[in-house]
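A short worksheet on the structure shown next.
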Amino acid sequence: QLSPTLGRGHVGLGAMGRLSVAHTNFVAFLLSLCLGAAVVVEGVGATGRATGAGSRSGRLLRSSALMSPDIGAAARRAAPHSAGGGGGSAAEDEAVAWLVAHKPAGDNSSMEFLRAHAKEAIVSREAFPWAASVPLEMFQDWVLPYTHFDERPEDWRSTFMEQLSPLLKKDMNLQQAATAVQQGIWKAFGEPAIVFKSNQTPQVLSPSDVFAKRYGSCTGLSIFLVDGLRSCGIPARVVGTAEWNRPEKGNHNWVEVWFDGRWNFIDAAPGPATWNEAWFVDVAHQAIEHGLNGIYTPVKWQPKQADALYPVTWRTPTLQLPAIELTAAYQASHRSAPPASQQRMLFGFGTSQVLVWFEVLFFALAVLALAFLCSPQLHTSLCGNPSSGPPVSASC
């Protein structure tokens, strides 16, 4: 989020040398000021957005040949370090130990299952350059876990990684990689493409449910997208509310992804989307903390981080999951900077930031021009007095 802070200042006119300075020199001064500002703006350089979207057909293949060449090669180099059914690398063993220590109550997954998830998570962490930049604690909390609510534990990680890798390029950053996954995941698993269909929770909840049905509602698609992101080493989590604070009620879940030092939200639905913009922004502002109308992210893998409970209303009786409350953050975001669509890139800046710089420049030039035109003393000192010959020194 671009929000430049500009200090207040003023332009002071010092001694101009001898009073024989010509008017053309003052014009040159103004032109050089404009040119200098343009150089500062242009010097930052343009930052392109590299995003990808792909469409694949046919059955799923467990082959690194499906990856883009550079990413596939990195994955093949990483895989031998964690191969085999027994012990793996130190990083893999650490990931297994974390899963064992934090596995939610009721999850009866075998050690072999846990090691498979740990191995694939480490492979993605070593294969994708942006994943290596993720701090270990962030990786453990928001990449390594394989469930979110009460969906079935499944071995989804390698399938997602193999099918989504062709969407990715080695020089992407976290945001670019997340955007590529978000845009391309819906068509990455063959035809028909995955679509949104309302009222499918909990019938379509796990990734295998979405694969089989080719659709899901907000919860199933949020889980699907977060799992896809995590398979590529991108920290992501499901966020939602059990009931909107509005007359028609209704619930909703969506996705948050960590990049640029903060959590950024996006709706988990096929089609064009922009970070930190969604249809629910206004209604999320009306959420109420500490209850059914709050906004939460479940943390059943990290219950010590919880400060609230997420009511899972699709179960009877309602299931209460440990959660982090995010209501205040969404209330605050309603009053924050303009949405990302109003900050498109120009010379490497968001357009709103560029406008601020040009407004400051225009104001400075306007003040100088006004002073020049309205102050006879300044006009005389800069341009001279044609009727009286060259100016001479005078005390004020």
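The values are calculated or read from the model by the stated rules, or taken from the named source; none is laboratory data. Given the structure is predicted, the values throughout are model-derived calculations rather than measurements. Glycine also receives a Cβ, built like all others from the backbone with ideal geometry; neighbour counts cover every protein chain displayed. For accessibility, only protein heavy atoms count, side chains too; no ligands or nucleic acids. Shrake-Rupley method; radii C 1.70, N 1.55, O 1.52, S 1.80 Å.
Could you list, in sequence order, the residues of segment 164-175 that are part of a loop (DSSP other than H, G, I, E, B) and crowded, with 23+ Cβ neighbours inside 10 Å? I'd like the intermediate steps shown before the answer.
We begin by selecting, within segment 164-175, every residue part of a loop (DSSP other than H, G, I, E, B); these are 168-173.
Selection gives 168 alone.
Could you check residue 277 against (1) more than 12 Å from the chain's Cα centre (by Cα); (2) in a loop (DSSP other than H, G, I, E, B); (3) touching a residue at least 40 places away in the same chain (Cβ under 8 Å) and say which number it fails?
Looking at each condition in turn, residue 277 falls short on (1).
Taking helices (runs of 4 or more DSSP H) that fall entirely within segment 81-157, which contain at least 3 residues that are among the basic types (Lys, Arg)?
Answer list for segment 81-157: 111-127.
In segment 271-324, which residues are under 17 Å from residue 246 (Cα atoms), open to solvent by 50 Å² or more (accessible area, probe 1.4 Å) and of a type in the set (A, V, I, L, M)?
The answer is 288, 292.
For segment 190-204, give me the residue count where each residue is open to solvent by 30 Å² or more (accessible area, probe 1.4 Å), touching a residue at least 60 places away in the same chain (Cβ under 8 Å) and either touching a strand residue (DSSP E or B) at 6+ places or on another chain (Cβ under 8 Å) or under 21 Å from residue 152 (Cβ atoms) (or both).
The qualifying residues number 4.
Looking at residue 73, is it in a helix (DSSP H, G or I) and at pLDDT below 95? Give the steps one after another, and end with the answer.
Values: in a helix (DSSP H, G or I): yes; at pLDDT below 95: yes.
Criteria met by residue 73.
Would you pick out the residues in segment 195-227 that are assigned to a loop (DSSP other than H, G, I, E, B) and more than 23 Å from the chain's Cα centre (by Cα)?
197, 198, 199, 200, 201, 202, 203, 204, 205, 206, 214
Taking residue 178 and the conditions (1) closer than 30 Å to residue 313 by Cβ; (2) surrounded by fewer than 19 Cβ atoms within 10 Å (Cβ to Cβ), which numbered condition does it fall short on, given that it satisfies the others?
Every listed condition holds for residue 178 apart from (2).
When residues of segment 251-262 are filtered for being open to solvent by 50 Å² or more (accessible area, probe 1.4 Å) and within 15 Å of the chain's Cα centre (by Cα), how many remain?
Residues flagged as open to solvent by 50 Å² or more (accessible area, probe 1.4 Å) and within 15 Å of the chain's Cα centre (by Cα) within segment 251-262 amount to 4.
Run residue 229 past the list (1) surrounded by 23 or more Cβ atoms within 10 Å (Cβ to Cβ); (2) at pLDDT below 95 and report the number of the one that doesn't hold.
Every listed condition holds for residue 229 apart from (2).
Against the condition buried (at least 16 other Cβ atoms within 10 Å of the Cβ), without any contact (Cβ under 8 Å) to a residue 24 or more places away in the chain and assigned to a helix (DSSP H, G or I), how does residue 184 come out, does it pass?
Answer is no for this residue.
Which of the residues belonging to segment 290-327 are within 18 Å of residue 251 (Cα to Cα) and under 23 Å from the mean Cα position of the chain (by Cα)?
294, 295, 296, 297, 298, 323, 324, 325, 326, 327
Search segment 104-124 for residues that are among the β-branched types (Val, Ile, Thr) and pair each with any residue that is surrounded by fewer than 22 Cβ atoms within 10 Å (Cβ to Cβ) and in a loop (DSSP other than H, G, I, E, B) when their beta-carbon atoms are under 9 Å apart and the residues are at least 6 apart or on different chains.
122/88; 122/89
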